[in-house]
Amino acid sequence: FPYSLLKALHICWKQNLTNIHLCDALLSPIGILLKLLTQAKISVSVVGLDITFHNFFYQLLIPRCVRQLDQVICISRATRDECTSRGIPSRRCTVIPIGINPNDAYLPFSKEDVRHELEKKVDVSVQYRKVLLTVGRLVKRKGVAWFVEHVMPQLDARYLYLIVGAGP
């Protein structure tokens, strides 16, 4: 933390930065110091455990620090709700989901290439199907079991749901 703060201060003063974005709520104490010392606007990205980590001292410090920053970028409405339940003003929270647009030109592969490779891996035809994919730890709060139980029965055979990950 001390090195990160000193390095950030050096960059801020050298570049005359007016906006700083932190990519982890754990860095919010540094964000407060940067805000005080540079007068810059400070934003932070928050993913689930950044705000919900179950530790008394963490919960005592991090949400209070995040609350003092200028903008909080949440990866989901659920994350925003966790932030607001910890006293972070909703007006400072913006939801920007993580993801990509498969139609974007920057992707280094075609949809057909992906479908072909996928069929080889799962040994199921994906032609004319919508493929839903979850990649992550399989823990309750991620909602995979809920999705399988409540959403999948409402979808027809055009949908294929693939789950990649490990957990209880």
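Worth pointing out:
- Residue list for region 125-168, restricted to those being open to solvent by 60 Å² or more (accessible area, probe 1.4 Å), touching a Phe, Trp or Tyr at 6+ places or on another chain (Cβ under 8 Å) and among the β-branched types (V, I, T): V148
- Region 109-125 - residue that is modelled with pLDDT under 85 and not in a helix (DSSP H, G or I) and, of those, nearest to H54 (Cα to Cα): F109
- Selection of first residues in region 7-31 that are free of Cβ contacts under 8 Å to residues at least 60 places away in the same chain and under 25 Å from C83 (Cβ atoms) and of second residues that are surrounded by fewer than 20 Cβ atoms within 10 Å (Cβ to Cβ) and of a type in the set (F, W, Y), restricted to Cβ pairs under 8 Å at least 6 apart or on distinct chains, gives the following pairs, ordered by first then second residue: P29/F1; I30/F1.
- Scanning region 53-66 for residues that are touching a residue at least 24 places away in the same chain (Cβ under 8 Å) and either surrounded by 15 or more Cβ atoms within 10 Å (Cβ to Cβ) or of a type in the set (F, W, Y) (or both) yields I62, P63, C65, V66.
- Pair list, Cβ under 9 Å, 6 or more apart: region 154-168 residue part of a loop (DSSP other than H, G, I, E, B), other residue loosely packed, with under 10 Cβ neighbours inside 10 Å: R158/Y128; G165/V135
- Residue satisfying condition, being acidic (D, E) and either open to solvent by 40 Å² or more (accessible area, probe 1.4 Å) or modelled with pLDDT of 95 or more (or both), within set D81, D50: D81
- Pair list, Cβ under 6 Å, 6 or more apart: region 128-149 residue closer than 18 Å to T52 by Cα and in contact (Cβ under 8 Å) with a residue 24 or more places away in the chain, other residue exposed (fewer than 11 other Cβ atoms within 10 Å of the Cβ) and small (G, A, S): R137/G167; L138/G167; V139/G167
The values are calculated or read from the model by the stated rules, or taken from the named source; none is laboratory data. None of these values were measured; they are calculated from a predicted model. Positions of Cβ are generated from backbone atoms using ideal geometry, with glycine treated the same way; all protein chains shown enter the neighbour counts. Heavy atoms of the whole protein, side chains included, go into the accessibility calculation; ligands, DNA and RNA do not. Shrake-Rupley method; radii C 1.70, N 1.55, O 1.52, S 1.80 Å.
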